[in-house]
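Presented below is the structure to which this report refers.
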Amino acid sequence: MMRPIRGFESDPEGHWVATLSCGHGQHTRHDPPAVERPWVLTPEGRAARVGAELDCVRCDRLEMPEGFAPYKRTRAFTEQTVPKGLLADHTTAAGVWALIHVTEGRLLYRVESLGLERILTPGTPGTVAAEVPHRVACDGAVAFYVAFWKAAAPA
Ligand SMILES: [Zn+2]
């Protein structure tokens, strides 16, 4: 899926990595003649690309970004107490991912934009990508909670 560039960092080899709104990084090397991106070598060139979108395949695969850590969680919900908002399409905020943890029973998890439908059970959490609409549905008795993840503060 397309994700806007928030900024750039250089990796240990000195290659430039675009940091995307989702929390993933994507190499934007200038490596002639195979890859010509002379703009990435100047601060002005990089600044001009902030806001441009890159296709993030790691978001398509629902891979939690590296360096993310859980920072809060909801209370436990059951099929009786699940907030209605979770049963309709909703999203997390920019830069916020989540894991849906089922502790008893099973929960249906749907991400329409990815054509994904999963049955979550204890031990198989569902990963929620930042800003991607998703919803859950109960299928009998269930207990679950949602843990929210964001970029850990730099050490
Ligand atoms: Zn991503």
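The values are calculated or read from the model by the stated rules, or taken from the named source; none is laboratory data. This is a predicted model, so every value here is computed, not measured. Quick reminder, even Gly has a Cβ in these numbers, built from the backbone with ideal geometry, and neighbours come from all protein chains shown.
Only one of these is more than 16 Å from the ligand (Cβ to nearest atom), more than 30 Å from Phe144 (Cα to Cα) and not acidic (Asp, Glu): Ala47, Ala76, Ala69, Ala52. Name it.
Ala47
Among the residues of the stretch 117-155, the ones that are aliphatic (A, V, I, L, M), part of a loop (DSSP other than H, G, I, E, B) and under 19 Å from the mean Cα position of the chain (by Cα) come to 5 in all. Among the residues of the stretch 38-54, is there at least one that is more than 30 Å from Asp11 (Cα to Cα), modelled with pLDDT of 95 or more and part of a loop (DSSP other than H, G, I, E, B)? Within the stretch 38-54, none of the residues are more than 30 Å from Asp11 (Cα to Cα), modelled with pLDDT of 95 or more and part of a loop (DSSP other than H, G, I, E, B). Restricting the stretch 63-81 to residues that are free of Cβ contacts under 8 Å to residues at least 60 places away in the same chain and under 21 Å from Pro122 (Cβ atoms), the residue that is nearest to the chain's Cα centre (by Cα) is Thr81. Taken over the stretch 1-17, the criterion of being away from the ligand (no atom under 16 Å from the Cβ) and charged (D, E, K, R) is satisfied by Asp11, Glu13. Considering only residues in the stretch 18-37 that are within 10 Å of the ligand (Cβ to nearest atom) and in a loop (DSSP other than H, G, I, E, B), the one that is farthest from Phe68 (Cα to Cα) turns out to be Ser21. Somewhere in the stretch 75-89, is a residue part of a strand (DSSP E or B) and touching an Asp or Glu at 6+ places or on another chain (Cβ under 9 Å)? Within the stretch 75-89, one or more residues are part of a strand (DSSP E or B) and touching an Asp or Glu at 6+ places or on another chain (Cβ under 9 Å).
When Glu63, Glu112, Glu117 are checked against the criterion of being of a type in the set (Asp, Glu), surrounded by fewer than 17 Cβ atoms within 10 Å (Cβ to Cβ) and within 16 Å of the ligand (Cβ to nearest atom), Glu63 stands alone in meeting it. All told, Val146 meets the bar of being at negative phi and either free of Cβ contacts under 8 Å to residues at least 40 places away in the same chain or outside the structural domain of Val17 (by TED's automatic domain parsing) (or both).
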